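Since every read-out is calculated from the coordinates, none of them should be taken as a lab result. Because the structure is predicted, anything quoted here is derived from the model rather than measured. FYI the Cβ positions are ideal-geometry reconstructions off the backbone, even for glycines, and counts take in every protein chain you see.
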Amino acid sequence: MWFKSRILEKLILQSISKWQIKIILVSVGLLIVITAVYFTNLIVDELIDREKKSIELYTNLYDKYIDPTQDASSMEVLINQIVPMITFPVIITDAKDEPSLPYEYYTLNIKLDSSLKPSQQLIQLKQMIQKMKGEYEPRIIKDKGLVIAKFYFSHSPLIDRLKIFPLLEIFIIAVFILIGYIAFSNIRRSEESKVWVGMAKEAAHQLGTPLSSLLAWIEILKFNDNDPKAFNDTLEEMENDIKRLNMIATRFSKIGSQPELHKENLNELIENVCGYFEKRLPHLGRKVEIVRTYSTNIITRINPELFAWVIENLIKNSAEAIENKNGKIKIDVIKTKSKIIINFNDNGKGMSLQQRRQAFYPGFTTKKRGWGLGLSLCKRIVVEYHKGKIYIKDTSPSKGTTFTVELPHKNIS
């Protein structure tokens, strides 16, 4: 039933998964962008604050420097220590916002074109001053209440680059989300294609046994048309195959539905499945004996159609693993105080350690043909719907394999 449920999940939850992927990608992207913008703004604010303090220190020392009563050492501090620390543009003007001459001495970090005339350089500086006015208040130096100098400044190029950085991140995240969404969409379409191919192969696999048997029974009918007893026995077996075809159709019609558990005789269910396969394994090219051992009459709550599917898959799996002329499958049913244990042992080719680890993975198969859904299907039915366990109890190359199914005691009524 795992395969059926998986198909429904793929079909019904396609849109949910699609929106979940969108929400996750957008959420991660927004989180990254918001975090980047927040911390970038913190850094920018801190750098601007430092630059303001630098220009404040610079103007304070400059004020002392122009005061003739102060020591000349202030000029050394200004020139040798403070000026190199200033990495942002500064223009010193008079009270009327006219840049002071010579321009190269009264500007910092301003690239003036030396090929221009002073009048042209003045126009360039005034344009810069107008821009600086819109960014920060100038530092003003006064002497006896009169404005003697103004210090216009702007932030450093590093801050401009940092302000652009979040926009660059938004672009990168947008590209990342787009690529991720396209990749997930392609993966989803690929999985959807595989699911439909798998469903077709699983249907063909399920229908193969009864159809092959019916073809064989038709040939037998032709030889036994003069033997009423053999003729009737063959018809009875053909009827069983037709019932099985109907059961398979019922299984696929219940794709994704929640199975109901009923009180059933487990021994009889296993016996019916084994009896069906005993007469058909030779027609499928397998000479296999199925030996059953029941410890007691066991009544338990199961879904007969689904649990019969588990038994069928384990028998088929064992039969296909047998390469000996005298194949044997042993089925032991044991009831303990806490659980029911069913062991399926065969004398087939067995598994390697790596194959054992991957046996229940969907799509894994050691056969040249097949979709690799049988054991994963069994696990889904036993674990999800019957709250039990299924595992490989023992296996090794050339020594066969033992699968074990456990049903909890609470399922027993």
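Below, the figures for the structure above:
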| item | result |
| --- | --- |
| Label-zone membership for the stretch 158-179, site Ile43, 7 angstrom Cα→C-beta point, backbone N under 19 Å | 158-174 |
| Among 263-270, 107-114, the order from most to least packed when residues are scored by Cβ within 10 Å on average | 263-270, 107-114 |
| Value of relative contact order over the stretch 258-411, rounded to a whole percent, pairs C-alpha under 8 Å and six or more apart | 23 percent |
| Highest to lowest packing among 397-405, 289-297, 304-312, scored as the average C-beta count within 10 Å | 304-312, 397-405, 289-297 |
| Ranked list, fewest to most other Cβ atoms within 10 Å of each Cβ, for Glu320, Glu135 | Glu135, Glu320 |
| For peptides 235-246, 376-387, sequence by mean Cβ density within 10 Å, most packed first | 376-387, 235-246 |
| Label point distance in nm, Leu31-Phe171, each placed 7 Å from Cα along Cα→Cβ | 2.6 nm |
| Cα gyration tensor shape of the stretch 258-411, rounded if a/c is under 1.5, else prolate or oblate by comparing a/b with b/c | prolate |
| Cβ-derived FRET efficiency at R0 56 Å, Lys399 paired with Thr87, nearest 0.05 | 0.10 |
| Linear extension gain, Ile23 paired with Gln120, 0.36 nm per residue minus alpha-carbon span | 29.3 nm |
| Zone residues, the stretch 86-108, relative to Ile140, backbone N less than 19 Å from point 7 Å out along Cα-to-Cβ | 91-100 |
